1. For region 215-233, name all the residues that are free of Cβ contacts under 8 Å to residues at least 24 places away in the same chain and surrounded by 15 or more Cβ atoms within 10 Å (Cβ to Cβ).
2. Look at TRP282 and say whether it is more than 20 Å from LEU422 (Cα to Cα), among the aromatic types (Phe, Trp, Tyr) and surrounded by 21 or more Cβ atoms within 10 Å (Cβ to Cβ).
3. Looking only at region 86-123, which residues are surrounded by fewer than 16 Cβ atoms within 10 Å (Cβ to Cβ) and either farther than 23 Å from THR21 by Cβ or among the polar types (S, T, N, Q) (or both)?
4. Between LEU361, LEU313, which is loosely packed, with under 11 Cβ neighbours inside 10 Å and not small (Gly, Ala, Ser)?
5. Identify, by number, the condition in (1) within 24 Å of TYR43 (Cα to Cα); (2) hydroxyl-bearing (Ser, Thr, Tyr); (3) not assigned by the TED database to the domain that holds GLU94 that SER207 doesn't meet.
6. If you go through region 369-398, how many residues are open to solvent by 60 Å² or more (accessible area, probe 1.4 Å) and of a type in the set (A, V, I, L, M, F, W, C)?
7. Would you mind finding the one in ALA315, ALA297, ALA350, ALA329 that is among the aliphatic types (A, V, I, L, M) and under 28 Å from the mean Cα position of the chain (by Cα)?
8. Let me confirm something: among TYR420, TYR401, which residue is in contact with a Phe, Trp or Tyr (Cβ under 8 Å, 6 or more places away or on another chain), open to solvent by 60 Å² or more (accessible area, probe 1.4 Å), at pLDDT below 90 and under 21 Å from TYR348 (Cβ atoms)?
Amino acid sequence: MNRNSSNTMALAPNTSNKRETVCIFGTGDFGRALGHKMIQSGYPVVYGSRSTQISNLIPKGAEVLGHAEAAQKAAVIIVAIQRQHYNFLTPLAEVLHGKVLVDISNNLKLKQYPESNAEHLAQLLPGSKVVKGFNTVSAWALQSGTLDASRQVFICGDDVEAKQMVMNIVRGLGLTPVDKGSLLAAQEIENYPLQLFPMWKFPILLSLGLGLFFFFYSLALDVIHTYIYENNNFSFFIAITVPNRVFPVMALTLLGLVYLPGVFAAIIQLYRGTKYQRFPDWLDKWMLARKQLGLIALAFASLHAVFTLVTPLRAFASWRTSKQIISLALSNETVPLDHTNAWLSDSYLAMGMLGFFLFVLLGITSLPSVSNSVNWREFRFVQSKLGYLTLILCTAHSMIYGGKWFLNPSAYKWYLPDIYMLSLVVPCAVLVVKFVLIFPCVDKHLTRIRQGWERKPRYSE
């Protein structure tokens, strides 16, 4: 009996299951959705509203009172109204004195006001304890229950006990509170929902710039050059052929750019002889964008695979095949199997399929739900060891595909290299430098630096 009692106490501490009443000022979309979620989680909810008449929109089980009467029933009051309506709170200053006010408001644009909404609320009601929270969770997610993508709730405030009370409510709703510090962090929290893919801006702009360059480069060599010098109108290449030349080039180039900053970081650490100095800002930003660059590269590789599968269905491919067959039939010729080309063709396809398989594996392991289920060493093995193997296979795929044209003068239209040659620049540079870095003499020295050794110690004994 004693053993069972101790286990019960360990699983359920001596706390009451009864939830404290929460007051919500505002019966808009978010106020109603949050109240509904709280009632589901066992919290008594009272709404403070100008109209005390019960509406069908109000969650069942909630009480609706005037603002002053509702505030007296709860220690935590969630202010679910916009900043421009805060003035009605000033006459309630005495009732709200000592209460915890949770500001959940957002703005329409960045830096709309000189101070955050939460700081403005604290200035209006200096006797209250203002906490910023819940503004990064959408009303739709609360109402539909699809909170997987927005489970984190950022919290900040100057009063530690007030923050703890709000964080307990967040946990009670099945969400994850993240303490961002004092109320000075409120503006950053308020700006968070207004940012459109902040970590994706640089990768998308870089991909867009490279994609446009490679598209017009391929267009000039495959369409314009052919039209000018051979008088062949291949403008329909713009639909399938040109994109399917750009997609693999983009995938391989971006994959090389994923591993290039790591090479730069190793060179810098070897040069400095220490790991205790910050990398340049451009390198820091580049390294933070590696996941996004890799996912965009995977998207281009997937498009390349799909476009390649539909290539035989094109009218141009059927016409070219039938023309070759008719030409051989009219000349009564047969073409023997070229085993060298057969080997090259099969090797090219095998490298491409294996590389794409590992590419997909890298993308899957970068998902939070998957990466959280593996330890650090397993994640590093996949992203580093298998990542470089993917880069090797994809580079070999491209080299086997175009190797026969590398020394062919006719492949250099307008004295420019074929687009596949451009795709090899970044990955080959990464692989060559990486090959040097894994030499035992270099790798041993780099490992010592990353373990804390310094060529010139900052502190001497």
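The values are calculated or read from the model by the stated rules, or taken from the named source; none is laboratory data. What you see is a predicted model; the values in this text were computed from it and never measured. Heads up, the Cβs are rebuilt from the backbone with ideal geometry, glycines too, and the neighbour counts pull from every protein chain shown. In case anyone asks, the SASA skips ligands and DNA or RNA and just uses the protein heavy atoms, side chains included. Shrake-Rupley method; radii C 1.70, N 1.55, O 1.52, S 1.80 Å.
1. LEU219, ASP222, VAL223, ILE224, THR226
2. Numbers: more than 20 Å from LEU422 (Cα to Cα): yes; among the aromatic types (Phe, Trp, Tyr): yes; surrounded by 21 or more Cβ atoms within 10 Å (Cβ to Cβ): no.
It is false that TRP282 is more than 20 Å from LEU422 (Cα to Cα), among the aromatic types (Phe, Trp, Tyr) and surrounded by 21 or more Cβ atoms within 10 Å (Cβ to Cβ).
3. Step one: of region 86-123, the residues surrounded by fewer than 16 Cβ atoms within 10 Å (Cβ to Cβ) are 87-88, 90-91, 93-94, 97-98, 108-115, 123.
Within region 86-123, ASN87, THR90, LEU108, LYS109, LEU110, LYS111, GLN112, TYR113, PRO114, GLU115, GLN123 meet the criteria.
4. Numbers: LEU361 fails: loosely packed, with under 11 Cβ neighbours inside 10 Å.
That would be LEU313, the only listed residue that is loosely packed, with under 11 Cβ neighbours inside 10 Å and not small (Gly, Ala, Ser).
5. Just one mismatch for SER207, condition (1).
6. So in region 369-398, the residues open to solvent by 60 Å² or more (accessible area, probe 1.4 Å) come out as 369, 372-373, 375-381, 385, 389, 392.
Next, only the ones that are of a type in the set (A, V, I, L, M, F, W, C) stay: 376, 379, 381, 389, 392.
Counting residues in region 369-398 that are open to solvent by 60 Å² or more (accessible area, probe 1.4 Å) and of a type in the set (A, V, I, L, M, F, W, C) gives 5.
7. Details: ALA315 fails: under 28 Å from the mean Cα position of the chain (by Cα); ALA350 fails: under 28 Å from the mean Cα position of the chain (by Cα); ALA329 fails: under 28 Å from the mean Cα position of the chain (by Cα).
Only one candidate passes the filter, namely ALA297.
8. Values: TYR420 fails: open to solvent by 60 Å² or more (accessible area, probe 1.4 Å).
None of the others qualify; the one that does is TYR401.
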